[in-house]
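The values are calculated or read from the model by the stated rules, or taken from the named source; none is laboratory data. Treat the numbers as computed from the prediction; the structure is a model and nothing was measured. Quick reminder, even Gly has a Cβ in these numbers, built from the backbone with ideal geometry, and neighbours come from all protein chains shown. The accessibility values were calculated without ligands, DNA or RNA, using every heavy atom of the protein model including side chains. Shrake-Rupley method; radii C 1.70, N 1.55, O 1.52, S 1.80 Å.
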Amino acid sequence: MYQKVGGLVLALVVGCAPVWAQDELDDLFGPDVDAEDEPQVVVEPGPEHAEPISTIAVGAEKPAKLSKKPADLEEIVVTAQRRQQALIDVPIAVTALNADALESRGIGRIDALNSIAPGLQISRSPANTTISQIAIRGASQINPALYWDPAVGLYLDGVYIGKAQGSIFDVIDLESIEVLRGPQGTLYGRNTLAGTINLITRKPSGEFGGTVALEYGRFDQQVGRVSMDFPSLGPLALSFGLRRERRDGWVSTTDTSPVRELNNRVQDGFQLGAKLDLSDDLQAMYRFDLSDIDQSNTFLQLIRHDQPGTEQYQSRERQTTADINAPSFERAKTSGHSLSLSWSPLDAVTIKSITGQREVTWGDALDLDGTPDQTGSSMRLTDYEQFSQDLNISGGFGRWQYTGGLYFFKDDGFTNNPLNLLNGVLTFDSRYGTHTEAWAVYGQTDWQATDRLTVTAGLRHTSEDKVLDRVLGLAPNPAAPFVYYINEGFSTPKATFDATTPLLSLGWAFNERMNSYLRYAEGFKSGGFNGEYSNTQDTPDDGNPDTQNDNQTQTSIPFRPERQRTLELGLKGHWLDGLLSANLALFHNQLEDLQASIFTGGGAAATVVRNAGEATMQGLELETIWRLGTTTRLILNLALLDAEYDVFEDEDADGNFGNQAQNRAFVHAPRSSWNFVLDTQLMPLGSGVLRLVMDYAWTDAFYTYPYQLSDEGEEGHNSDRQVAGNSEVQAQGLLNARLAWDGLQLGGHTLELALQGRNLLDEDSMNNFIDFGPGAFMNLTTANFVEPVSYSLTASWRF
């Protein structure tokens, strides 16, 4: 279906456009911009990772080369290509949300973005609230372990966030978010196989002012926020933000449980910004952020188990009371420093340095079976730090714009992952550490060949060195000493992973109101080593050293990088005198050396990453904004996705190894999703206005593990492997709303009162799973559920 639609649109856009009469185009979309009549404002181009998305007000000056738009249409400016451009002019599928959109829709961290951008699917890792699982157009990562790299690049003020652990936290003073869909392998590069999410905070204004907000809601939720700017001290401008949240858990526990509640929130955050204008040509921007989370974990509710005596704890309905026997906590302390230096020695040249350093101290403890039985419990304790340096130069002359640079990244992390399985009979000492050094050189140029045609070409070369440390030991009973399969001090041979990722796009401007592009891009996700491989069927004491050799050998074999090639056709335009804005993207993706995270169930509940084969993903994405008068907007986003494996090398139900493409589930790839937003001013009230924002997001069913779709072998028997349907997230819709009375005057300052609700339809479906399957713990599966309906009242005072 998508290929037919794509072919039709391609014919219309590329083939038919040259033979259309210009007056017919003018009738549809308006006349061309007359360059002599259009005032131009020169803005120095530069790699602006940390520049905010902004809305250009009517009559305000616009950056150079922004398209002329109707007077009643707000212009969205993005930095997707690391310089300011109008959204309509960027040959990339980009969703941009500014500060007002983020506040009105209750978005303060990435997990709240699910379904808001077409093709974007975000989940929390099972049992955790601070580990992300992000997929764009079906390309994803699902393994939360430290040795595994994400498929979507996450950036905070231009600094790459290297791992999924600790990646979900409240970002204070968010100014904007950009979601770039499709490979961003040239300007961003590292692990941007599926796309990039840019989180951009607000710069200090240099003027005294701020916001104080207090929120109270269901489950005794208490949130306090303070954001302040201070008057400039000569060339120095300062700002800071604080956030504190406390909320009771919506799952209570029995008196015999080791924790009082589950699913609570205890979170604190701080951010400091300093902007220093050293001269007209040299500016410095420093940011520090800190997030401290210390709360109980999300309840792993037992939904399936063949163990006799657990029937009373099994339920596929959301439960609000738990009876567990193992500790449960989630602690995430993340901090980061970033320093951005921008120097413009010439009018058309900008040199920029972005230096970033981040640290994560993360830990959790889980009751794996969700019952008072001692079937299984685990703990993960992680320390991680990273350093990155991006140095680039950009500028333009004549019809050319360019960006090029060097990038360096280094990280070190270590996880201690003890496990206690089968009523304490087996205790594992499982530890792994990962070390990476990566270099990249990149360049991209835009050539405006004619007034209508723009050619963009880019190239990036990346080289990464990786080493893994590994320890694996087993105590066959609580009183026995550990027997080690991989001794302390073992490290894998260093592996180097190289990639060259090109970009080529053609942009065609029909006129000032409609642009199109045809884009070819490649992306890559780094390879690595299997940090959790464990085979403990025999021990060296049994006279079988081959098991010890197998663990060391399999841990030393790297899995290869995953690569993606994308062909994308896009159309962006404004119709009906600017009352309708629409962006359409058709894409065809080819994945090679697909990295599949496969749970084997052996040893220490082992998971391995395997290059399973190849996949094809193709689909359609549509974003529309309707303006109804001056007070109402309707936003509708739609994504259709067809994702299939071409090759998936694995064992079948009879134990035969081969291509299982037709019997494996594609993960985190809903066939359809859509988001509808109504944003309207209901009426003026005294000195203020009453504003309603309703946000409904629908996501089709999707699988969470690449397990077999059917467990029937050739002889009709059931295998001892997991079936994907047991961990499938059912289709669900979430409705959020916010009713705000804004603009109230109090003591010369502005007050806003807002009543907001989340999951107002009280959707109670399961949204993630841990499926141990028949081969471990007798078919044990636990699940997380969507949080119940919540509501709160917020008072915000701006001064």
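Odds and ends about this structure:
- Residues of the range 621-657 satisfying the condition of being modelled with pLDDT under 95, open to solvent by 60 Å² or more (accessible area, probe 1.4 Å) and farther than 30 Å from Pro684 by Cα: Glu649, Glu651, Asn656, Phe657
- Selection from the range 467-477 of residues that are in contact with a Ser or Thr (Cβ under 6 Å, 6 or more places away or on another chain), of a type outside the set (Asp, Glu) and open to solvent by 10 Å² or more (accessible area, probe 1.4 Å): Val467, Leu474
- Taking residues in the range 303-325 that are farther than 24 Å from Asp762 by Cα, and partners anywhere that are at pLDDT below 90 and open to solvent by 80 Å² or more (accessible area, probe 1.4 Å), the pairs with Cβ atoms closer than 7 Å and at least 6 places apart or on different chains are His305/Met778; Asp306/Met778; Gln307/Met778; Asn325/Gln374.
- Restricting the first member to the range 624-638 and to residues that are within 13 Å of Leu580 (Cβ to Cβ), and the second to residues that are in a loop (DSSP other than H, G, I, E, B) and open to solvent by 40 Å² or more (accessible area, probe 1.4 Å), the beta-carbon pairs closer than 6 Å and six or more apart or on different chains are Arg627/Leu579.
- Only a single criterion out of (1) in contact (Cβ under 8 Å) with a residue 12 or more places away in the chain; (2) open to solvent by 20 Å² or more (accessible area, probe 1.4 Å) is not satisfied by Ala615, namely (2).
- When the residues of the range 292-323 are filtered to those that are part of a strand (DSSP E or B) and among the acidic types (Asp, Glu), the one that is surrounded by the most Cβ atoms within 10 Å (Cβ to Cβ) is Asp292.
- Exactly one residue out of Val226, Val251 is under 28 Å from Arg758 (Cα atoms), touching a residue at least 40 places away in the same chain (Cβ under 8 Å) and in contact with a Leu (Cβ under 7 Å, 6 or more places away or on another chain): that is Val251.
- Condition check for Arg109: among the basic types (Lys, Arg), out of contact with any strand residue (DSSP E or B) (no Cβ under 7 Å at 6 or more places or on another chain) and surrounded by fewer than 24 Cβ atoms within 10 Å (Cβ to Cβ): yes
- Looking across the range 451-472, just one residue is among the basic types (Lys, Arg) and outside any strand (DSSP E or B), and that is Arg452.
- Glu207 being open to solvent by 10 Å² or more (accessible area, probe 1.4 Å), touching a residue at least 40 places away in the same chain (Cβ under 8 Å) and either more than 30 Å from Ser232 (Cα to Cα) or not aromatic (Phe, Trp, Tyr) (or both): no
- Any chance Gly507 is under 20 Å from Thr427 (Cα atoms), of a type outside the set (Lys, Arg) and either touching an Asp or Glu at 6+ places or on another chain (Cβ under 8 Å) or in a loop (DSSP other than H, G, I, E, B) (or both): no
- From Asp367, Asp347, Asp373, residue being out of contact with any Lys or Arg (no Cβ under 9 Å at 6 or more places or on another chain) and more than 30 Å from Ser257 (Cα to Cα): Asp347
- Within the range 384-450, strands (runs of 3 or more DSSP E) holding 3 or more residues that are open to solvent by 40 Å² or more (accessible area, probe 1.4 Å): 400-416, 426-448
- Residue in the range 725-743 that is crowded, with 16+ Cβ neighbours inside 10 Å, of a type in the set (A, V, I, L, M, F, W, C) and either at pLDDT below 90 or part of a loop (DSSP other than H, G, I, E, B) (or both) present: no
- Selection status of Thr794, modelled with pLDDT under 95 and either part of a strand (DSSP E or B) or buried (at least 22 other Cβ atoms within 10 Å of the Cβ) (or both): no
- Some residue of the range 681-690 being among the β-branched types (Val, Ile, Thr) and modelled with pLDDT of 95 or more: no
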